[in-house]
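Please read the structure below before turning to the comments.
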Amino acid sequence: MRARRRAALVAAGIGVAVLGVGLTGDPLVTDMGAVLRAPSLAHPLGTDELGRDVLARLAHGALLTLGTAGSALVVAVLLGLLAGCATGWSSSPVAALVRAGVDVATALPPLIVALVTTLIAGPSTAALLLALAGVSWLPFARQADAMTAQLRTRNWVLAHRALGAGRLLIWRRSLLPFLAPAAGALAAVRLPALVNTVAALGFLGLGPPPPRPEWGAMIAESVDHLGTAPWLLAAPVLALVAVQTIVAALAAER
């Protein structure tokens, strides 16, 4: 029941984000006659240094920031489950070597690795997605590896092997029902960090190139106007805090 409630809340959040995009205007339209306007009925969150509506940019930026983090998380879960099943299923030296490599790579700071990756690939959504997925699949691989190593000796798994079932079939029917809930719980814990990483890279100018709105880039753009237009900083920061709070509350539910 709680899983259904969490899924319903996530779906509602996605619906609100999509609705916000539909109800707000074009985030790229400039109006030099309405530069740095304070929040009003016409612009509920004010305007930026180019007269662009902050609410529209915040709504469209939500799809980019949260969508990139969510997409990278999905890729990371799939890669991690596949790699973890492969290493946990085998006791060969190659599997042990891969497992050791994953352990070493997990010790590296994810933000630094993502930063280096985006610096090499250049600022783009594709590079950001690649960098995030590349540093995020490791914890899922370690989790799946440990669980697979334990489950592969269970009676029902041995029975499937005795009946001649293929490896992928056994993974799907005998391992995935146990691995998927654990991976889902880990994903809920990892999502806030991914959102922060997307915003941090966007703040550093390593996210999607301007003028596409992204929450981290919006924070960077607001730095020069803290004294005259504090709403430029408040909008994306409060949005990030709200996402972190909601995700943390959902992850804490048992």
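Here, each number is a calculation from the coordinates, and none is a lab measurement. None of the values given here were measured: they were computed from a predicted structure. Glycine gets a Cβ as well: all are built from the backbone with ideal geometry, and neighbour counts include every protein chain shown.
Over every pair of different alpha-carbon atoms in segment 34-81, take the mean of 1/r and invert it; report that Kirkwood radius in Å.
12.4 Å
Sketch the reach of a paramagnetic label on Ser124 as a point 7 Å from Cα along Cα-to-Cβ, and name the residues of segment 210-245 whose backbone nitrogen lies under 19 Å away.
Counting backbone N atoms under 19 Å from the label point, the list is 210-214.
Quick one: if you stick a label point 7 Å off each Cα along the C-beta vector at Leu41 and Ala165, how many nm between them?
6.5 nm
Express in nm, to one decimal, how much length is gained between Thr153 and Arg173 on full extension, taking 0.36 nm for each residue of separation and deducting their alpha carbon distance.
5.7 nm
With no solvent and one equal point scatterer placed on each C-alpha of segment 35-181, evaluate the Debye formula and give log10 I(q)/I(0) for q = 0.22 Å⁻¹, two decimals.
-1.23
Taking 0.36 nm per residue of sequence separation and subtracting the Cα-Cα distance, how much length would be gained by fully extending the chain between Leu78 and Val104, in nm to one decimal?
So the chain would gain 7.3 nm between Leu78 and Val104.
In whole Hz and in residue order, list the ³J(HN,Hα) couplings for segment 37-52 that follow from phi through the Karplus curve 6.51 cos²θ - 1.76 cosθ + 1.60, θ = phi - 60°; x for Gly and Pro.
Going residue by residue, I get 6, 5, x, 8, 5, 5, 9, x, 10, x, 10, 9, 5, 10, x, 7 Hz, with x marking Gly and Pro.
Can you tally the net charge around Ala76? Count Lys and Arg as +1, Asp and Glu as -1, for every other residue whose Cβ sits under 15 Å from the Cβ of Ala76.
Residues near Ala76 contribute +1 overall.
What net charge is computed for the residues neighbouring Asp103, neighbours being all others with C-beta under 11 Å from the C-beta of Asp103, Lys and Arg scored +1, Asp and Glu -1?
Summing Lys and Arg as +1 and Asp and Glu as -1 gives +1.
Where the only charges are on Cβ atoms (+1 Lys, Arg; -1 Asp, Glu), what is the dipole of the chain about its Cα centre, to the nearest 20 debye?
Here the size comes out at about 1600 debye.
Counting only other residues whose beta carbon sits under 9 Å from that of Val35, what net charge do I get with K and R as +1, D and E as -1?
Local net charge: -2.
By per-residue mean of other Cβ atoms within 10 Å, what is the highest-first order of 141-152, 167-178, 197-208?
By packing density, highest mean first, the sequence is 197-208, 141-152, 167-178.
Could you give me the radius of gyration and the Dmax of the chain, taking only the C-alpha atoms into account and expressing both in angstrom?
Computed over the Cα atoms of the chain, radius of gyration and Dmax are 21.8, 76 Å.
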